[in-house]
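S.K.: One structure follows; several queries about it will come next.
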Amino acid sequence: MDGIKNYLTDMDGVILHGSTILPGAAEFVQSLRAREIPFLILTNNSRFTQRDLQMRLSYMGLDVPPEAIFTSALATAQFLHDQQPGGRAFVIGESGLTTALHDIGYILTDQEPEYVVLGETTSYSFQHITQAIRFVAAGARFIATNPDEMGPGEGGIVPATGAVAALISAATGVKPYIIGKPNPLMMRTALRTLDAHSEDSVMIGDRMDTDIVAGIESGLRTILVLTGVTRREQVERFPYRPSLIRESIADVEI
């Protein structure tokens with residue numbers, strides 16, 4: 001890919017699978033760092049802070065600085081800061097989201113919040129969901145960090161942000177504004193973080209319906225790797241195509 005100066009890459013399915021670094025991922029990231037090529041590793045999961053994820057990757061054998069990781073929580077915080085600096089939010093989520101909102105000067109409160117912000121957590125509370133429903137019904141603006149409806153958990157799948165957002169929407173008739181992929185807003189916020197332009201950037205992902213479509217809609221070139229969700233034979237079902245298809249990130253040339 002001639003002219004590519006910046007790399008965005010999804011985390012799950014591209015860099016790692018579960019608790020294992022995928023073959024070639026560490027070498028790919030090391031090559032980017034050695035050549036001082038700007039890059040960000042993206043994740044729709046809002047649970048963890050950059051430092052949490054840095055340590056997780058480090059234990060798996062991948063050394064990256066925390067600022068090279070970009071989450072839907074960070075994108076959500078930036079969106080809220082742009083929309084209404086210093087606002088008040090009722091938050092359902094974990095440290096990745098609450099830290100990001102604190103860092104941009106938001107007040108987290110259950111007293112007349114201007115926003116209800118829903119993120120990923122392993123301990124959804126019926127009481128908190130009820131509060132969120134009442135705030136949204138009373139006029140609070142409804143934001144969700146990502147649209148994922150389920151995720152892996154101990155013993156099987158667990159409901160994720162999208163499923164809980166659907167519950168709140170069913171009770172209030174209000175749909176959330178979703179920040180994470182496939183919303184191209186997350187890509188554009190990531191590019192702004194790198195001070196990069198879409199014309200000379202690429203998105204590497206494993207999902208046609210999130211990574212690739214978000215990259216295309218943001219004006220980036222795209223590379224689909226087949227180490228995650230999407231199989232090669234499934235690509236033809238979509239009305240859009242990635243710029244390139246590779247078996248894994250090990251086959252992506254820099």
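S.K.: Quick one: angle between helix 72-83 and the longest Cα principal axis of the chain, in degrees between 0 and 90, rounded to 10, please.
M.R.: The answer is roughly 60 degrees.
S.K.: Does a label point 7 Å from the Cα of Lys5, set along Cα-to-beta-carbon, have any residues of region 164-192 with amide nitrogen under 18 Å, and which are they?
M.R.: What the label zone holds, given the 18 Å backbone N cut-off, is 188-192.
S.K.: Sticking with this structure for a sec: What value, in deg cm²/dmol to 500, does the helix sum -39500 (n - 2.57) over DSSP H runs of n ≥ 4 give at 222 nm once divided by the residues of the chain?
M.R.: Helices in the chain give a 222 nm mean residue ellipticity of -9500 deg cm²/dmol.
S.K.: If you line up the long axis of helix 161-172 against the longest principal axis of the chain, both from Cα atoms, how many degrees apart are they, to the nearest 10?
M.R.: Helix 161-172 and the main axis of the chain meet at about 30 degrees.
S.K.: Taking Rh as the Kirkwood radius, which is the inverse of the mean 1/r over Cα pairs, what is the Rg/Rh value for region 170-254?
M.R.: On the Cα set of region 170-254, Rg over Rh gives 1.04.
S.K.: Placing unit charges on C-beta atoms (Lys and Arg positive, Asp and Glu negative, everything else neutral), compute the dipole magnitude of region 6-90 about its Cα centre in debye, rounded to 20.
M.R.: I would put it at about 200 debye.
S.K.: May I ask you to give the average projected area over all directions of the convex hull of the Cα atoms of the chain, in nm² rounded to one decimal? It would help to have the intermediate numbers written out before the result.
M.R.: On the way: hull surface 54.3 nm².
Seen from a random direction, the Cα hull of the chain projects 13.6 nm² on average.
S.K.: Given charges of +1 on the Cβ of Lys and Arg and -1 on the Cβ of Asp and Glu, with all other atoms neutral, how large is the dipole of region 85-178 about its Cα centre, in debye to the nearest 20?
M.R.: For region 85-178, the charge dipole is close to 320 debye.
S.K.: Using only Cα atoms, find the angle between the long axis of helix 184-194 and the longest principal axis of the chain, and express it within 0 to 90 degrees, rounded to the nearest 10.
M.R.: Roughly 70 degrees between the two axes.
S.K.: In nm, to one decimal, how far is the modelled label at Glu149 from the one at His197, with both set 7 Å along Cα→Cβ?
M.R.: Distance between label points: 4.0 nm.
S.K.: Between Arg56 and Glu253, what is the label-to-label distance in nm when each label sits 7 Å out along the Cα-to-Cβ direction?
M.R.: 3.3 nm
S.K.: Apply 1/(1 + (r/R0)^6) to the Cβ-Cβ distance of Glu27 and Ile107, taking R0 = 41 Å, and write down the FRET efficiency to the nearest 0.05.
M.R.: For Glu27 and Ile107, the calculated efficiency is 0.40.
S.K.: For a quick size check, give me the Cα extents of region 85-178 along its three principal axes, largest first, whole Å.
M.R.: The Cα atoms of region 85-178 stretch 40, 30, 22 Å along the principal axes, largest first.
S.K.: What's the local net charge at Phe238, with K and R +1, D and E -1, over the other residues with C-beta under 11 Å away? Intermediate values should be presented prior to the final figure.
M.R.: Values: positive: Arg207, Arg237, Arg241; negative: Asp209, Glu236.
Result for the neighbourhood of Phe238: +1.
S.K.: On average over all directions, what projected area in square nanometres does region 1-71 have, based on the convex hull of its Cα atoms?
M.R.: Approximately 4.7 nm², given one-decimal rounding.
Quick note: the coordinates plus some simple rules give every number you see, no bench work behind them. Since this is a predicted model, take the numbers as computed values, not measurements. Here Cβ is always computed from backbone atoms with ideal geometry, including for glycine, and neighbour counts include all displayed protein chains.
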